[in-house]
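Peer 1: Pasting a structure here, questions to come.
The values are calculated or read from the model by the stated rules, or taken from the named source; none is laboratory data. Nothing here was measured: the structure is a model prediction, and the numbers come from that model. Here the Cβ positions follow ideal geometry from the backbone for every residue, glycine too, while neighbour counts run over all protein chains shown. All accessible areas refer to the heavy atoms of the entire protein, side chains included, with ligands and DNA or RNA removed. Shrake-Rupley method; radii C 1.70, N 1.55, O 1.52, S 1.80 Å.
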Amino acid sequence: MNFQLQHTDPKSKARAGLIITDHGQVETPIFMPVGTAGSVKAVHITELKNDIKAQIILGNTYHLYLRPGLEILRQAGGLHKFTSWDKPILTDSGGFQVFSLAENRKLTEEGALFQSHIDGSRHFFTPENVMDIQRIIGADIIMAFDECTPGTADYTYAKKSLELTERWLDRCITRFRETECPYGYSQTLFPIVQGCVYPDLRRRAAENVAAKEAEGNAIGGLAVGEPTEKMYEMIELVNEILPKDKPRYLMGVGTPANILEAIERGVDMFDCIIPTHNGRNGQIFTKNGIMNMRNERWKNDFSPLDENGTSFVDSLYSKAYLRHLFNTKEILGLQIASVHNLAFYLQLMREAREHIIAGDFSRWKNDTIENVMRRL
Ligand code: PRF
(Lines give C-alpha, C1' and ligand atoms only; values in the text may rest on other atoms or scores of the structure.)
Protein backbone atom coordinates (compact mmCIF):
# COMPACT_ATOMS: atom_id res chain seq x y z
CA MET A 1 0.00 0.00 0.00
CA ASN A 2 1.08 3.54 -0.71
CA PHE A 3 -0.31 6.94 0.32
CA GLN A 4 0.12 10.21 -1.51
CA LEU A 5 -0.83 13.36 0.38
CA GLN A 6 -2.13 15.58 -2.42
CA HIS A 7 -3.47 18.73 -0.72
CA THR A 8 -3.59 20.17 2.78
CA ASP A 9 -6.17 22.85 3.53
CA PRO A 10 -4.23 26.02 4.37
CA LYS A 11 -6.76 27.06 7.06
CA SER A 12 -7.33 23.71 8.82
CA LYS A 13 -5.81 20.24 9.19
CA ALA A 14 -8.04 18.78 6.43
CA ARG A 15 -6.22 16.74 3.77
CA ALA A 16 -6.89 15.22 0.37
CA GLY A 17 -4.90 12.14 -0.57
CA LEU A 18 -4.70 8.93 -2.54
CA ILE A 19 -4.33 5.42 -1.15
CA ILE A 20 -2.95 2.92 -3.65
CA THR A 21 -3.53 -0.80 -3.08
CA ASP A 22 -3.20 -3.90 -5.24
CA HIS A 23 -7.00 -3.77 -5.71
CA GLY A 24 -7.03 -0.15 -6.87
CA GLN A 25 -6.96 3.41 -5.60
CA VAL A 26 -8.95 5.24 -2.96
CA GLU A 27 -9.35 9.02 -2.96
CA THR A 28 -9.40 10.47 0.56
CA PRO A 29 -11.20 11.63 2.60
CA ILE A 30 -13.22 8.44 2.14
CA PHE A 31 -16.18 6.71 3.74
CA MET A 32 -16.10 2.90 3.76
CA PRO A 33 -19.52 1.20 3.67
CA VAL A 34 -19.75 -1.52 6.32
CA GLY A 35 -20.04 -5.04 4.88
CA THR A 36 -19.88 -6.89 8.17
CA ALA A 37 -20.46 -10.49 7.11
CA GLY A 38 -19.36 -10.19 3.48
CA SER A 39 -22.28 -8.07 2.30
CA VAL A 40 -23.15 -4.40 2.63
CA LYS A 41 -26.64 -5.12 3.96
CA ALA A 42 -29.37 -4.84 1.27
CA VAL A 43 -26.98 -3.40 -1.35
CA HIS A 44 -25.69 -5.08 -4.52
CA ILE A 45 -22.05 -4.80 -5.60
CA THR A 46 -23.21 -3.16 -8.85
CA GLU A 47 -24.97 -0.42 -6.87
CA LEU A 48 -21.94 0.03 -4.63
CA LYS A 49 -19.68 0.43 -7.63
CA ASN A 50 -21.72 2.26 -10.25
CA ASP A 51 -24.22 4.29 -8.26
CA ILE A 52 -22.78 4.86 -4.78
CA LYS A 53 -19.23 4.86 -6.19
CA ALA A 54 -17.78 3.22 -3.11
CA GLN A 55 -14.01 2.82 -3.40
CA ILE A 56 -13.34 0.54 -0.41
CA ILE A 57 -15.59 -1.49 1.88
CA LEU A 58 -15.17 -2.93 5.36
CA GLY A 59 -15.53 -6.50 6.61
CA ASN A 60 -15.45 -7.92 10.15
CA THR A 61 -13.07 -10.65 11.26
CA TYR A 62 -15.42 -11.73 14.05
CA HIS A 63 -18.39 -12.39 11.76
CA LEU A 64 -16.45 -13.87 8.84
CA TYR A 65 -14.48 -16.20 11.12
CA LEU A 66 -17.72 -17.54 12.62
CA ARG A 67 -19.55 -17.72 9.25
CA PRO A 68 -18.71 -18.81 6.57
CA GLY A 69 -15.48 -19.70 8.42
CA LEU A 70 -11.87 -19.88 7.32
CA GLU A 71 -12.08 -23.09 5.30
CA ILE A 72 -14.73 -21.69 2.95
CA LEU A 73 -12.94 -18.33 2.65
CA ARG A 74 -9.69 -20.09 1.77
CA GLN A 75 -11.40 -22.31 -0.81
CA ALA A 76 -13.08 -19.24 -2.33
CA GLY A 77 -9.67 -17.60 -2.72
CA GLY A 78 -10.38 -14.87 -0.18
CA LEU A 79 -13.16 -12.37 0.47
CA HIS A 80 -12.72 -10.40 -2.79
CA LYS A 81 -13.39 -13.50 -4.91
CA PHE A 82 -16.09 -14.82 -2.56
CA THR A 83 -18.12 -11.59 -2.73
CA SER A 84 -17.19 -10.47 -6.30
CA TRP A 85 -16.00 -7.12 -4.86
CA ASP A 86 -12.67 -6.62 -6.63
CA LYS A 87 -11.81 -3.21 -5.12
CA PRO A 88 -10.03 -2.60 -1.81
CA ILE A 89 -11.30 -4.14 1.44
CA LEU A 90 -10.40 -3.32 5.05
CA THR A 91 -11.15 -5.77 7.86
CA ASP A 92 -11.60 -4.89 11.51
CA SER A 93 -9.78 -7.22 13.85
CA GLY A 94 -12.59 -8.64 15.95
CA GLY A 95 -11.76 -7.24 19.38
CA PHE A 96 -14.46 -4.58 19.20
CA GLN A 97 -17.10 -7.09 18.01
CA VAL A 98 -16.14 -9.66 20.66
CA PHE A 99 -16.96 -7.00 23.24
CA SER A 100 -20.13 -5.72 21.64
CA LEU A 101 -21.64 -9.03 20.44
CA ALA A 102 -20.15 -12.17 21.95
CA GLU A 103 -21.29 -13.78 25.18
CA ASN A 104 -19.25 -14.71 28.27
CA ARG A 105 -16.19 -12.96 26.99
CA LYS A 106 -13.06 -12.93 29.08
CA LEU A 107 -9.93 -10.92 28.47
CA THR A 108 -6.53 -12.30 29.46
CA GLU A 109 -2.96 -11.34 28.63
CA GLU A 110 -3.00 -14.05 25.97
CA GLY A 111 -6.18 -12.90 24.20
CA ALA A 112 -9.98 -12.85 24.30
CA LEU A 113 -12.05 -15.92 25.16
CA PHE A 114 -15.67 -15.71 24.01
CA GLN A 115 -18.81 -17.59 23.06
CA SER A 116 -20.36 -17.04 19.64
CA HIS A 117 -23.55 -14.93 19.64
CA ILE A 118 -24.87 -17.37 17.02
CA ASP A 119 -24.55 -20.83 18.61
CA GLY A 120 -22.72 -20.33 21.91
CA SER A 121 -19.61 -22.19 20.66
CA ARG A 122 -16.34 -21.24 22.41
CA HIS A 123 -13.50 -19.44 20.65
CA PHE A 124 -10.23 -17.76 21.54
CA PHE A 125 -8.84 -14.72 19.67
CA THR A 126 -5.19 -13.83 20.11
CA PRO A 127 -3.11 -11.16 18.37
CA GLU A 128 -1.45 -14.01 16.45
CA ASN A 129 -4.53 -15.89 15.25
CA VAL A 130 -6.33 -12.63 14.41
CA MET A 131 -3.42 -11.83 12.03
CA ASP A 132 -3.67 -15.35 10.56
CA ILE A 133 -7.44 -15.02 10.13
CA GLN A 134 -7.14 -11.64 8.40
CA ARG A 135 -4.46 -13.12 6.10
CA ILE A 136 -7.00 -15.76 5.04
CA ILE A 137 -9.88 -13.29 4.65
CA GLY A 138 -7.43 -11.41 2.44
CA ALA A 139 -8.34 -7.76 3.04
CA ASP A 140 -5.96 -5.14 1.64
CA ILE A 141 -5.84 -3.34 4.97
CA ILE A 142 -6.03 -5.34 8.19
CA MET A 143 -6.33 -4.03 11.74
CA ALA A 144 -4.35 -4.77 14.88
CA PHE A 145 -6.08 -6.67 17.69
CA ASP A 146 -6.93 -4.13 20.39
CA GLU A 147 -9.12 -3.62 23.39
CA CYS A 148 -11.60 -0.80 22.71
CA THR A 149 -11.64 0.97 26.07
CA PRO A 150 -15.16 2.24 26.92
CA GLY A 151 -15.47 6.05 26.87
CA THR A 152 -16.57 6.00 30.52
CA ALA A 153 -13.57 4.02 31.85
CA ASP A 154 -11.64 5.46 34.81
CA TYR A 155 -7.99 6.37 34.44
CA THR A 156 -6.62 3.23 36.11
CA TYR A 157 -8.64 0.92 33.84
CA ALA A 158 -7.86 2.97 30.71
CA LYS A 159 -4.13 2.82 31.42
CA LYS A 160 -4.11 -0.95 32.01
CA SER A 161 -6.23 -1.45 28.90
CA LEU A 162 -3.90 0.69 26.78
CA GLU A 163 -0.86 -1.22 28.01
CA LEU A 164 -2.50 -4.50 26.97
CA THR A 165 -3.33 -3.05 23.53
CA GLU A 166 0.33 -1.98 23.19
CA ARG A 167 1.66 -5.43 24.05
CA TRP A 168 -0.88 -6.98 21.67
CA LEU A 169 0.25 -4.59 18.92
CA ASP A 170 3.84 -5.83 19.20
CA ARG A 171 2.60 -9.41 18.93
CA CYS A 172 0.46 -8.49 15.90
CA ILE A 173 3.43 -6.88 14.15
CA THR A 174 5.69 -9.88 14.83
CA ARG A 175 3.12 -12.35 13.47
CA PHE A 176 2.25 -10.13 10.50
CA ARG A 177 5.93 -9.99 9.50
CA GLU A 178 6.30 -13.77 9.76
CA THR A 179 3.37 -14.44 7.42
CA GLU A 180 2.21 -13.45 3.95
CA CYS A 181 -0.98 -13.05 1.95
CA PRO A 182 -1.98 -16.49 0.63
CA TYR A 183 -3.37 -14.95 -2.58
CA GLY A 184 -0.29 -13.20 -3.96
CA TYR A 185 -1.16 -9.52 -3.44
CA SER A 186 0.03 -7.33 -0.61
CA GLN A 187 -1.73 -6.60 2.68
CA THR A 188 -0.88 -3.90 5.20
CA LEU A 189 -1.41 -3.70 8.97
CA PHE A 190 -2.78 -0.56 10.67
CA PRO A 191 -2.11 -0.13 14.42
CA ILE A 192 -4.84 1.44 16.57
CA VAL A 193 -4.45 4.33 19.03
CA GLN A 194 -6.46 3.82 22.26
CA GLY A 195 -6.19 5.78 25.53
CA CYS A 196 -9.81 6.71 26.27
CA VAL A 197 -10.42 10.41 27.06
CA TYR A 198 -7.14 10.95 28.94
CA PRO A 199 -4.76 13.30 27.10
CA ASP A 200 -1.55 11.80 28.53
CA LEU A 201 -2.67 8.26 27.61
CA ARG A 202 -3.72 9.34 24.10
CA ARG A 203 -0.38 11.14 23.62
CA ARG A 204 1.57 8.11 24.77
CA ALA A 205 -0.56 5.79 22.60
CA ALA A 206 -0.08 7.96 19.51
CA GLU A 207 3.69 8.13 20.08
CA ASN A 208 3.88 4.36 20.49
CA VAL A 209 1.85 3.78 17.32
CA ALA A 210 3.80 6.40 15.31
CA ALA A 211 7.07 4.66 16.23
CA LYS A 212 5.90 1.46 14.48
CA GLU A 213 6.08 3.29 11.12
CA ALA A 214 3.08 1.47 9.71
CA GLU A 215 1.67 2.40 6.29
CA GLY A 216 -1.43 3.83 7.96
CA ASN A 217 -2.76 4.39 11.45
CA ALA A 218 -6.14 4.19 13.15
CA ILE A 219 -7.80 5.98 16.04
CA GLY A 220 -10.05 3.69 18.08
CA GLY A 221 -11.88 3.98 21.39
CA LEU A 222 -13.92 7.02 20.34
CA ALA A 223 -17.69 7.40 19.92
CA VAL A 224 -17.99 4.83 22.70
CA GLY A 225 -19.79 6.84 25.38
CA GLU A 226 -17.60 9.92 25.85
CA PRO A 227 -18.90 13.46 25.20
CA THR A 228 -18.59 14.51 21.53
CA GLU A 229 -16.34 17.46 22.43
CA LYS A 230 -13.92 15.04 24.15
CA MET A 231 -13.86 12.96 20.98
CA TYR A 232 -12.88 16.00 18.87
CA GLU A 233 -10.26 16.99 21.46
CA MET A 234 -8.69 13.49 21.37
CA ILE A 235 -8.68 13.42 17.54
CA GLU A 236 -6.90 16.78 17.47
CA LEU A 237 -4.31 15.68 20.01
CA VAL A 238 -3.61 12.31 18.38
CA ASN A 239 -3.31 13.81 14.88
CA GLU A 240 -0.62 16.22 16.12
CA ILE A 241 1.51 13.12 16.74
CA LEU A 242 0.57 10.60 14.03
CA PRO A 243 2.72 10.94 10.87
CA LYS A 244 1.34 13.40 8.33
CA ASP A 245 2.38 11.31 5.33
CA LYS A 246 0.28 8.27 6.31
CA PRO A 247 -3.52 7.87 6.15
CA ARG A 248 -5.45 8.20 9.42
CA TYR A 249 -8.56 6.11 10.01
CA LEU A 250 -11.16 7.01 12.66
CA MET A 251 -12.92 3.75 13.52
CA GLY A 252 -16.72 3.53 13.67
CA VAL A 253 -17.52 7.27 13.32
CA GLY A 254 -20.10 8.67 12.69
CA THR A 255 -22.79 11.20 11.79
CA PRO A 256 -22.16 13.56 8.86
CA ALA A 257 -21.27 16.26 11.43
CA ASN A 258 -18.81 13.97 13.28
CA ILE A 259 -17.12 13.02 10.00
CA LEU A 260 -16.73 16.60 8.72
CA GLU A 261 -15.37 17.75 12.10
CA ALA A 262 -12.88 14.86 12.06
CA ILE A 263 -11.81 15.66 8.47
CA GLU A 264 -11.13 19.23 9.60
CA ARG A 265 -8.87 17.74 12.30
CA GLY A 266 -6.87 15.64 9.81
CA VAL A 267 -8.69 12.29 9.53
CA ASP A 268 -8.77 10.58 6.10
CA MET A 269 -10.82 7.38 6.45
CA PHE A 270 -14.14 6.52 8.09
CA ASP A 271 -16.57 3.66 8.51
CA CYS A 272 -19.88 3.57 10.33
CA ILE A 273 -23.12 1.61 10.35
CA ILE A 274 -25.22 4.82 10.58
CA PRO A 275 -26.09 5.22 6.87
CA THR A 276 -27.13 1.58 6.45
CA HIS A 277 -28.40 0.79 9.97
CA ASN A 278 -30.35 4.03 10.42
CA GLY A 279 -31.46 3.79 6.80
CA ARG A 280 -33.09 0.44 7.52
CA ASN A 281 -34.96 2.20 10.34
CA GLY A 282 -36.31 4.81 7.91
CA GLN A 283 -33.81 7.61 8.53
CA ILE A 284 -32.82 9.41 5.30
CA PHE A 285 -29.97 11.92 5.13
CA THR A 286 -30.21 14.84 2.70
CA LYS A 287 -28.48 18.18 2.19
CA ASN A 288 -31.52 19.89 3.68
CA GLY A 289 -31.74 17.69 6.76
CA ILE A 290 -32.77 14.29 8.11
CA MET A 291 -36.14 12.75 7.20
CA ASN A 292 -37.86 9.95 9.11
CA MET A 293 -39.73 8.05 6.42
CA ARG A 294 -42.12 6.46 8.94
CA ASN A 295 -43.53 9.92 9.55
CA GLU A 296 -47.11 10.73 8.36
CA ARG A 297 -45.70 13.96 7.01
CA TRP A 298 -44.50 12.23 3.81
CA LYS A 299 -47.78 10.40 3.15
CA ASN A 300 -48.77 12.50 0.14
CA ASP A 301 -45.44 14.12 -0.75
CA PHE A 302 -44.90 12.85 -4.30
CA SER A 303 -41.73 14.89 -4.87
CA PRO A 304 -38.49 12.98 -5.55
CA LEU A 305 -36.92 11.26 -2.54
CA ASP A 306 -33.98 13.71 -2.72
CA GLU A 307 -33.83 16.40 -5.43
CA ASN A 308 -30.12 16.97 -4.65
CA GLY A 309 -29.29 13.27 -4.50
CA THR A 310 -26.83 11.58 -6.86
CA SER A 311 -28.32 8.08 -6.69
CA PHE A 312 -30.80 6.64 -9.18
CA VAL A 313 -33.19 5.98 -6.27
CA ASP A 314 -33.39 9.72 -5.53
CA SER A 315 -35.18 10.65 -8.75
CA LEU A 316 -36.86 7.31 -9.47
CA TYR A 317 -38.86 7.11 -6.21
CA SER A 318 -40.93 9.64 -4.28
CA LYS A 319 -41.00 10.38 -0.55
CA ALA A 320 -44.59 9.14 -0.40
CA TYR A 321 -43.63 5.84 -2.04
CA LEU A 322 -40.70 5.22 0.34
CA ARG A 323 -42.95 6.11 3.27
CA HIS A 324 -45.44 3.54 1.98
CA LEU A 325 -42.71 0.88 1.70
CA PHE A 326 -41.64 1.46 5.31
CA ASN A 327 -45.25 1.53 6.45
CA THR A 328 -45.88 -1.87 4.83
CA LYS A 329 -42.46 -3.27 5.83
CA GLU A 330 -41.56 -3.97 2.18
CA ILE A 331 -37.94 -5.14 1.72
CA LEU A 332 -37.52 -2.67 -1.15
CA GLY A 333 -37.76 0.17 1.38
CA LEU A 334 -34.63 -1.06 3.17
CA GLN A 335 -32.81 -1.33 -0.15
CA ILE A 336 -33.74 2.18 -1.30
CA ALA A 337 -32.85 3.74 2.06
CA SER A 338 -29.48 1.96 2.21
CA VAL A 339 -28.49 2.90 -1.34
CA HIS A 340 -29.62 6.50 -0.84
CA ASN A 341 -27.79 7.01 2.47
CA LEU A 342 -24.55 5.43 1.25
CA ALA A 343 -24.67 7.52 -1.93
CA PHE A 344 -25.22 10.58 0.27
CA TYR A 345 -22.22 9.77 2.49
CA LEU A 346 -19.94 9.11 -0.50
CA GLN A 347 -21.08 12.33 -2.21
CA LEU A 348 -20.38 14.23 1.04
CA MET A 349 -16.82 12.84 0.97
CA ARG A 350 -16.31 13.87 -2.67
CA GLU A 351 -17.52 17.40 -1.88
CA ALA A 352 -15.29 17.57 1.20
CA ARG A 353 -12.35 16.61 -1.01
CA GLU A 354 -13.24 19.26 -3.59
CA HIS A 355 -13.47 21.97 -0.92
CA ILE A 356 -10.15 20.91 0.62
CA ILE A 357 -8.55 21.24 -2.81
CA ALA A 358 -10.35 24.57 -3.44
CA GLY A 359 -9.12 25.87 -0.05
CA ASP A 360 -12.50 26.76 1.50
CA PHE A 361 -13.17 23.61 3.52
CA SER A 362 -14.02 25.09 6.94
CA ARG A 363 -16.62 27.54 5.67
CA TRP A 364 -18.28 24.84 3.58
CA LYS A 365 -18.15 22.44 6.54
CA ASN A 366 -19.93 24.85 8.92
CA ASP A 367 -22.74 25.56 6.42
CA THR A 368 -23.09 21.90 5.51
CA ILE A 369 -23.34 20.66 9.11
CA GLU A 370 -26.02 23.22 9.89
CA ASN A 371 -28.13 22.09 6.92
CA VAL A 372 -27.50 18.35 6.98
CA MET A 373 -28.11 17.78 10.70
CA ARG A 374 -31.46 19.63 10.76
CA ARG A 375 -34.53 17.44 11.45
CA LEU A 376 -37.16 17.66 8.73
N1 PRF B 1 -11.26 -0.82 17.84
C2 PRF B 1 -11.54 -1.68 16.82
N3 PRF B 1 -12.65 -1.52 16.06
C4 PRF B 1 -13.47 -0.49 16.33
C5 PRF B 1 -13.23 0.41 17.36
C6 PRF B 1 -12.06 0.26 18.17
O7 PRF B 1 -11.76 1.01 19.09
C8 PRF B 1 -14.30 1.34 17.35
C9 PRF B 1 -14.52 2.47 18.26
N10 PRF B 1 -15.25 3.53 17.70
C11 PRF B 1 -15.14 0.94 16.29
N12 PRF B 1 -14.64 -0.15 15.70
N13 PRF B 1 -10.72 -2.68 16.57
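Peer 1: Answer yes or no as to whether Leu305 is in contact with a Leu (Cβ under 7 Å, 6 or more places away or on another chain), open to solvent by less than 40 Å² (accessible area, probe 1.4 Å) and free of Cβ contacts under 8 Å to residues at least 40 places away in the same chain.
Peer 2: It is true that Leu305 is in contact with a Leu (Cβ under 7 Å, 6 or more places away or on another chain), open to solvent by less than 40 Å² (accessible area, probe 1.4 Å) and free of Cβ contacts under 8 Å to residues at least 40 places away in the same chain.
Peer 1: When you go through Thr152, Thr165 one by one, which is the residue that is touching a residue at least 40 places away in the same chain (Cβ under 8 Å), out of contact with any Gly (no Cβ under 8 Å at 6 or more places or on another chain) and either surrounded by fewer than 19 Cβ atoms within 10 Å (Cβ to Cβ) or outside any loop (DSSP other than H, G, I, E, B) (or both)?
Peer 2: Residue meeting the stated conditions: Thr165.
Peer 1: Kindly evaluate Glu354 against the criterion of being more than 28 Å from Ala262 (Cα to Cα), surrounded by fewer than 18 Cβ atoms within 10 Å (Cβ to Cβ) and not hydroxyl-bearing (Ser, Thr, Tyr).
Peer 2: no
Peer 1: Then there's this: Which pairs do you get when a residue that is within 17 Å of Tyr65 (Cβ to Cβ), found in region 99-110, comes within reach of a residue that is open to solvent by 90 Å² or more (accessible area, probe 1.4 Å) and charged (D, E, K, R), reach meaning Cβ atoms under 7 angstrom, with the pair 6+ apart or on two chains?
Peer 2: Once the first residue is within 17 Å of Tyr65 (Cβ to Cβ) and sits in region 99-110, its partners that are open to solvent by 90 Å² or more (accessible area, probe 1.4 Å) and charged (D, E, K, R) give Phe99/Arg105.
Peer 1: Which numbered condition trips up Phe114, out of (1) away from the ligand (no atom under 16 Å from the Cβ); (2) open to solvent by less than 40 Å² (accessible area, probe 1.4 Å); (3) hydrophobic (A, V, I, L, M, F, W, C)?
Peer 2: (1)
Peer 1: Would you confirm whether or not region 333-346 contains a residue that is more than 27 Å from Thr36 (Cα to Cα) and crowded, with 16+ Cβ neighbours inside 10 Å?
Peer 2: no
Peer 1: Do we have any residue at all in region 64-85 that's within 16 Å of the ligand (Cβ to nearest atom), farther than 30 Å from Ala14 by Cα, crowded, with 16+ Cβ neighbours inside 10 Å and not basic (Lys, Arg)?
Peer 2: Checked region 64-85: at least one residue is within 16 Å of the ligand (Cβ to nearest atom), farther than 30 Å from Ala14 by Cα, crowded, with 16+ Cβ neighbours inside 10 Å and not basic (Lys, Arg).
Peer 1: Next question, about the same structure. Please return the ranges of helices (runs of 4 or more DSSP H) entirely within region 270-367 where 2 or more residues are among the hydroxyl-bearing types (Ser, Thr, Tyr).
Peer 2: Qualifying helices (runs of 4 or more DSSP H): 331-358.
Peer 1: On to the next question. Does Val372 satisfy the condition of being surrounded by 14 or more Cβ atoms within 10 Å (Cβ to Cβ), in contact with a helix residue (DSSP H, G or I) (Cβ under 9 Å, 6 or more places away or on another chain) and closer than 16 Å to Glu47 by Cβ?
Peer 2: no
Peer 1: Kindly provide the set of residues from region 134-154 that are within 12 Å of Phe176 (Cβ to Cβ) and either of a type in the set (Phe, Trp, Tyr) or more than 13 Å from the ligand (Cβ to nearest atom) (or both), ordered by number.
Peer 2: Passing the criteria: Arg135, Phe145.
Peer 1: Tell me, yes or no, whether region 190-212 has at least one residue that is away from the ligand (no atom under 15 Å from the Cβ), within 17 Å of the chain's Cα centre (by Cα), of a type outside the set (A, V, I, L, M, F, W, C) and assigned by TED's automatic domain parsing to the domain that holds Gly94.
Peer 2: No; the residues of region 190-212 include none that is away from the ligand (no atom under 15 Å from the Cβ), within 17 Å of the chain's Cα centre (by Cα), of a type outside the set (A, V, I, L, M, F, W, C) and assigned by TED's automatic domain parsing to the domain that holds Gly94.
Peer 1: Continuing with the same structure: I'd like the full set of residues that are surrounded by fewer than 20 Cβ atoms within 10 Å (Cβ to Cβ) and of a type in the set (A, V, I, L, M), limited to region 309-324.
Peer 2: Leu316, Ala320
Peer 1: When you check Thr91 against the structure, is it in the same structural domain as Tyr198 (by TED's automatic domain parsing), within 11 Å of the ligand (Cβ to nearest atom) and part of a strand (DSSP E or B), yes or no?
Peer 2: Considered against the rule, which asks whether it is in the same structural domain as Tyr198 (by TED's automatic domain parsing), within 11 Å of the ligand (Cβ to nearest atom) and part of a strand (DSSP E or B), Thr91 comes out as yes.
Peer 1: Out of the residues in region 185-231 that are touching a helix residue (DSSP H, G or I) at 6+ places or on another chain (Cβ under 8 Å) and assigned to a strand (DSSP E or B), state the one that is surrounded by the most Cβ atoms within 10 Å (Cβ to Cβ).
Peer 2: Val193
Peer 1: Give me a count of the residues in region 232-249 that are buried (at least 22 other Cβ atoms within 10 Å of the Cβ) and more than 21 Å from His7 (Cβ to Cβ).
Peer 2: The total comes to 2.
Peer 1: Right, another one. Testing Asn258 on (1) within 15 Å of the ligand (Cβ to nearest atom); (2) open to solvent by 20 Å² or more (accessible area, probe 1.4 Å); (3) in a loop (DSSP other than H, G, I, E, B), one condition comes back false. Which one is that?
Peer 2: If we test Asn258 against (1) within 15 Å of the ligand (Cβ to nearest atom); (2) open to solvent by 20 Å² or more (accessible area, probe 1.4 Å); (3) in a loop (DSSP other than H, G, I, E, B), just (3) comes out false.
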